[in-house]
Amino acid sequence: MNIQEFDYQTAFSRNLGWLTETEQILLKSKRIAIAGMGGVGGTHLLTLTRLGIGAFHIADLDVFEQANFNRQAGAMTSTLDHPKAEVLARMAKDINPALDLKVFNEGVQGDNLDAFLEGVDLFVDGLDFFAPQIRAQVFARCRELGIPAITAGPIGMGTAYLIFTPDGMSFEDYFRMAGLSVEQQYVNFLVGLTPSGFHRDYLVDPQRLNLAEKRGPSTIMACQLCAGVTGTEAVKILLNRGPIHPAPYYHVFDAYRPRYRRGRLRWGNRGPLQTLKCKLGYRQVARLLAAPARASTDAATPELPKPLATILSQARWAPSGDNTQPWRFEIHDDTRFTIHGHDTRDHVVYDLRGRASQIALGGLLETLDIAAATHGFRCDIQRRLDAPENRPTFDVQLIESPARSHPLAPFIAARSTQRRSMQRRPLTSRHRDALEAAVGPDHYVVWLQEPGERRRMARLLWDNALVRLTTPEAYPVHSSIIDWNAQYSTERIPDQALGMDPLGLKLMRWALASWQRVHFLNRYLGGTLLPRLQMDLLPALNCGAHFVIVSRQPLTIMDDYIAGGRAMQRFWLTATRLGLQFQPEMTPLIFASYVHGQVEFSRESKSMERAVRLTRDLQALAGETAVRQGVFMGRVGYGPNPAARSLRLPLSKLLTSSGHDKTIS
Ligand SMILES: Cc1cc2nc3c(=O)[nH]c(=O)nc-3n(C[C@H](O)[C@H](O)[C@H](O)COP(=O)(O)O)c2cc1C
């Protein structure tokens with residue numbers, strides 16, 4: 001459109017109705033200062049421009065970077081490394097070419113504050129959360145100059161906002177920041193802004209807040225809500241529409257919960273409850289600053305050639321029993337490498353014949369194939385027949401083949417284990433068909449999904465858990481595989497992913513410190529009841545179906561288990577693709593294979609006897625062939641993704657220069 005053709009009245013005519021023509025003309029004559037052109041400030045500018053405000057002062061000293069893309073209106077591939085204020089000025093002028101815009105590319109500072117606030121009717125805060133000092137300074141100067149000011153913070157998937165009028169409570173009286181350390185000022189600002197912490201119970205990964213690097217989680221929805229409420233308050237303030245509720249009133253609107261609260265803090269942060277919240281906040285901040293930063297598990301491995309590094313980096317997301325990742329990669333050149341597998345039979349009672357590790361290795365090979373396909377390769381994989389049985393070794397050659405996508409590739413890293421209750425809704429027949437097709441022609445699926453079957457399975461798993469928890473040989477496994485107080489773990493299973501409640505976890509941690517404690521609790525205090533209830537019985541009842549993946553041929557050699565592992569991984573990735581949750585329930589099958597193979601897995605005769613009974617019950621429920629030729633067993637169902645999960649070792653830790661012993665770090 002030719003800029004001469006731009007017509008203010010037409011451009012903003014659809015505001016009329018909610019605004020009168022006179023009010024619209026008045027808005028055109030208003031000048032607003034916005035500090036910060038990031039997620040919140042940029043959206044403020046565009047929103048207020050579309051409201052028809054005629055003049056702005058905008059300030060930001062930053063340039064756009066990729067990490068801004070999720071929420072900042074001006075962050076685009078075309079504006080990367082461009083100054084934020086310049087970009088937003090261009091965007092706003094693209095909406096209203098007649099805008100009177102003053103750009104402060106040096107940001108707001110003490111020495112340009114008066115120029116920034118000169119002649120403005122309203123100040124809108126879009127400053128970085130981590131800039132509390134300049135924020136306090138701007139608000140103080142606004143008060144001196146008689147300028148009303150609004151601050152709206154993007155909180156979770158909502159907004160918390162405050163209005164400061166020249167004759168109301170001051171910013172400093174409300175937040176009480178003077179004399180505090182910068183970190184304490186963060187706390188006071190947050191606690192004052194959001195006295196109702198609606199957002200807290202849906203923060204799924206608290207560790208994403210990194211105070212040291214001044215970065216925290218933030219959503220576009222919250223930024224847009226900030227601009228929505230601020231635009232609305234601006235209408236009321238600039239047009240004297242009132243009533244507004246300035247500080248000490250606070251406003252919190254959470255779209256996720258969804259809830260709105262307006263409250264009044266007569267003493268601001270000096271009130272007794274706010275003081276207590278601030279004190280608790282200081283402690284939490286001190287803890288956060290002391291905690292080591294989470295290491296990225298996806299850190300690139302620069303020494304490796306590119307497609308190979310990416311393929312291996314994806315393949316390492318394959319699942320393994322207790323997250324042991326029993327594999328290391330020896331790289332020969334751009335397209336050739338060796339996988340040195342090992343099993344854990346020497347110390348894991350569930351892997352006495354290495355079968356669980358072989359299944360995991362099968363899963364790794366399948367993941368490798370899928371990852372390679374998306375990069376235009378197929379894998380030629382040869383198992384070394386002369387390698388020792390407990391060290392399965394594979395030579396892999398990547399061979400170029402026409403690039404194609406693989407439907408399961410996007411789900412490699414998203415696939416995970418859900419050990420908590422799922423919905424009981426049965427699987428749709430379309431989903432069941434897709435899962436059955438996923439295992440391929442050499443395997444089939446036995447479903448146990450009728451309510452009666454699920455109940456019998458729950459009973460069986462309840463009995464099975466008794467064997468797990470009372471077998472002394474299982475104790476070293478249980479006591480070493482859990483990462484305590486963890487949401488994520490790169491080498492083990494984080495306690496929060498086990499499916500127990502926090503109190504149960506505390507008890508379990510105490511008990512697992514020694515076999516004597518476990519034994520004592522089990523014997524005299526019914527110590528197995530709580531974990532069996534929370535980790536076995538309830539999840540087994542609460543799912544869509546239990547399943548067994550069965551081989552059509554008897555399972556005799558390692559390759560049969562590797563093939564089973566491949567089928568498992570296709571099934572599991574397909575479940576993820578269909579939005580289903582998944583948990584393996586492998587120990588009944590493992591005990592059954594010990595019974596059939598007459599493996600003496602415990603010195604405890606009771607455990608051996610119970611395993612025999614379990615095997616009989618499983619055969620009665622799933623059928624004799626399913627138990628003898630079953631490679632994998634578990635449950636699936638609809639429900640949310642787990643909030644806690646195992647991660648993987650970084651690729652650099654999975655590389656070996658020759659065989660198993662050395663790792664390159
Ligand atoms: C062969 C095999 C057996 C497993 N057995 C069980 C099991 O009996 N119970 C369970 O909760 N998880 C089991 N898992 C899941 C692993 O603990 C899990 O995959 C691993 O910790 C990685 O976590 P992720 O799946 O969330 O990535 C098994 C996984 C594999 C590959």
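What follows is calculated from the coordinates using simple rules that are stated; it is not laboratory data. This structure is a prediction, so every number in the text was calculated from the model and none was measured. We place every Cβ from the backbone using ideal geometry, glycine too, and count neighbours over all the protein chains shown.
For the stretch 176-184, in order, what is each residue's ³J(HN,Hα) by Karplus, 6.51 cos²θ - 1.76 cosθ + 1.60 with θ = phi - 60°, in whole Hz (x at glycine and Pro)?
Per residue, the Karplus-derived 3J(HN,Hα) values read 6, 9, 4, x, 8, 5, 4, 5, 5 Hz.
I need the shape label for the stretch 53-139. Rule: rounded when a/c is under 1.5, else prolate if a/b > b/c, else oblate, with a, b, c from the alpha carbon gyration tensor.
On the way: a/c = 2.06, a/b = 1.18, b/c = 1.74.
It comes out oblate by the Cα gyration axes.
Below 30 Å, Cα to Cα, which lysines can LYS306 reach? Residues fewer than 8 away in the same chain don't count.
LYS653, LYS662
Sorted by mean Cβ packing within 10 Å, highest first, what order do the peptides 30-37, 340-347, 99-106 take? Walk me through the numbers on the way to the answer.
Values: 30-37: 25.9, 340-347: 18.8, 99-106: 16.0.
Averaged packing, sorted descending, gives the order 30-37, 340-347, 99-106.
Please report the antiparallel percentage of the DSSP beta bridges confined to the chain, to the nearest 5.
Numbers: 53 of 76 bridges.
If we restrict to bridges inside the chain, about 70 percent are antiparallel.
Report the full-extension gain for the segment ASP380 to THR20: residue separation times 0.36 nm, less the Cα-Cα distance, to one decimal in nm.
Working: separation 360, 0.36 × 360 = 129.60 nm, distance 7.31 nm.
Using 0.36 nm per residue and subtracting the Cα-Cα distance, I get 122.3 nm.
If each of VAL63 and SER657 carries a label point 7 Å out from its Cα toward its Cβ, how far apart are those two points in nm?
If labels sit at VAL63 and SER657, their model points lie 4.1 nm apart.
If you place +1 on the Cβ of every Lys and Arg and -1 on the Cβ of every Asp and Glu, how big does the dipole about the Cα centre of the chain come out, in debye to the nearest 20?
Working: 77 positive and 65 negative charges, 480 e Å.
With Lys and Arg at +1 and Asp and Glu at -1, about 2300 debye.
Assigning unit charges at the beta carbon (Lys, Arg +1; Asp, Glu -1) and nothing else, what dipole magnitude in debye, to the nearest 20, does the stretch 247-403 show about its Cα centre? Working shown, then result.
Values: 23 positive and 17 negative charges, 454 e Å.
Dipole about the Cα centre, nearest 20: 2180 debye.
Taking amide H atoms as placed 1.01 Å from N in the peptide plane, list the residues 5 or more away in sequence, or in a different chain, whose amide H sits under 5 Å from that of HIS57.
ILE32, ALA33, ILE34, LYS102
Classify the stretch 1-148 as rounded, prolate or oblate from the Cα gyration tensor: take a ≥ b ≥ c as the square roots of its eigenvalues, call it rounded if a/c is under 1.5, otherwise prolate when a/b beats b/c and oblate if not.
Numbers: a/c = 2.01, a/b = 1.20, b/c = 1.67.
It is oblate, given that a/c is not under 1.5 and a/b is not larger than b/c.
Run the numbers for ARG287 and GLN9: contour at 0.36 nm per residue of separation, minus the present Cα-Cα distance, in nm. Write out the running numbers ahead of the final one.
Working: separation 278, 0.36 × 278 = 100.08 nm, distance 5.53 nm.
Answer, rounded to one decimal: 94.6 nm.
Go through the stretch 154-212 and name the trypsin sites (Lys or Arg not before Pro) that are in a DSSP coil and have 14 or fewer other Cβ atoms within 10 Å of their Cβ.
none
Report the calculated FRET efficiency for SER514 and LEU537 (r = Cβ-Cβ distance, R0 = 25 Å), to the nearest 0.05.
Numbers: r = 26 Å, r/R0 = 1.05.
Efficiency, from the Cβ-Cβ distance: 0.45.
Sum -39500 (n - 2.57) across every DSSP H segment of at least 4 residues in the chain, then divide by the residue count to get the 222 nm mean residue ellipticity, nearest 500. Walk me through the intermediate numbers first.
Numbers: 23 runs with 259 residues, N = 665.
Counting only the DSSP helices, I get -12000 deg cm²/dmol.
Most exposed first by the Cβ proxy, i.e. fewest other Cβ within 10 Å, how do ASP501, ASP560, ASP395 rank?
Details: ASP501 10, ASP560 19, ASP395 15.
Going from least to most buried by this count: ASP501, ASP395, ASP560.
What ranking of TRP18, TRP267 emerges when the number of other C-beta atoms within 10 Å of each C-beta is taken as an exposure proxy, fewest first? Please list the in-between numbers first.
Details: TRP18 9, TRP267 15.
If I rank by nearby Cβ atoms, fewest first, I get TRP18, TRP267.
What dipole magnitude, in Debye to the nearest 20, does the stretch 382-518 give about its Cα centre under +1 on Lys/Arg Cβ and -1 on Asp/Glu Cβ?
Numbers: 20 positive and 15 negative charges, 132 e Å.
Around 640 debye, computed over the stretch 382-518.
According to the square roots a ≥ b ≥ c of the eigenvalues of the Cα gyration tensor, what is the shape class of the chain, taking rounded for a/c under 1.5, prolate for a/b larger than b/c otherwise, and oblate for the remainder? Kindly include the intermediate steps, with their values, before the conclusion.
On the way: a/c = 2.48, a/b = 1.98, b/c = 1.25.
In terms of gyration-tensor shape, prolate.
Measuring from centroid to centroid over Cα atoms, what is the spacing of the stretch 307-349 and the stretch 1-56 in Å?
Value for the Cα centre distance between the two parts: 58 Å.
Round to the nearest 0.05 the FRET efficiency obtained for GLU450 and TYR488 when R0 = 35 Å and r is the Cβ-Cβ distance.
Values: r = 36 Å, r/R0 = 1.04.
That pair, GLU450 with TYR488, gives E of 0.45.
Rounded to the nearest 0.05, what FRET efficiency is calculated for LEU503 and LEU276 with R0 set to 25 Å and r the Cβ-Cβ distance? Please report the intermediate quantities before stating the final value.
Working: r = 25 Å, r/R0 = 0.98.
Between LEU503 and LEU276 the formula returns 0.55.
Based on other C-beta atoms within 10 Å, arrange SER646, SER605 from fewest to most.
Values: SER646 24, SER605 9.
Least crowded to most crowded, the residues run SER605, SER646.
Taking 7 Å along the Cα-to-C-beta vector as the label spot, tell me the ASN70-TYR524 distance in nanometres, rounded to one decimal.
Inter-label distance under the simple model: 5.1 nm.
Lysines within cross-link reach of LYS93: Cα-Cα under 25 Å, excluding same-chain residues under 8 positions apart?
Within reach: LYS28, LYS30, LYS84, LYS102, LYS236.
Return the distance in nm (one decimal) between the two label points of a simple spin-label model at ARG391 and ASP205, each offset 7 Å from Cα along Cα→Cβ.
3.7
Would you work out which of LEU61, PRO272, HIS199 lies farthest towards the positive end of the dipole of the chain? Charges go on Cβ: Lys and Arg +1, Asp and Glu -1.
Result: PRO272, furthest along the dipole toward the positive end.
Compute the label zone of VAL612 within the stretch 463-501: residues whose backbone N is under 20 Å from the point 7 Å along Cα-to-Cβ.
Those under the cut-off are 463-473.
Please identify which residues in the stretch 47-72 have an amide N closer than 11 Å to a label point set 7 Å out from the Cα of LYS93, following the Cα→Cβ vector.
Counting only backbone N, you get no residues.
Show the residues, 5+ positions off or on another chain, whose built amide H is closer than 5 Å to the amide H of VAL63.
LYS84
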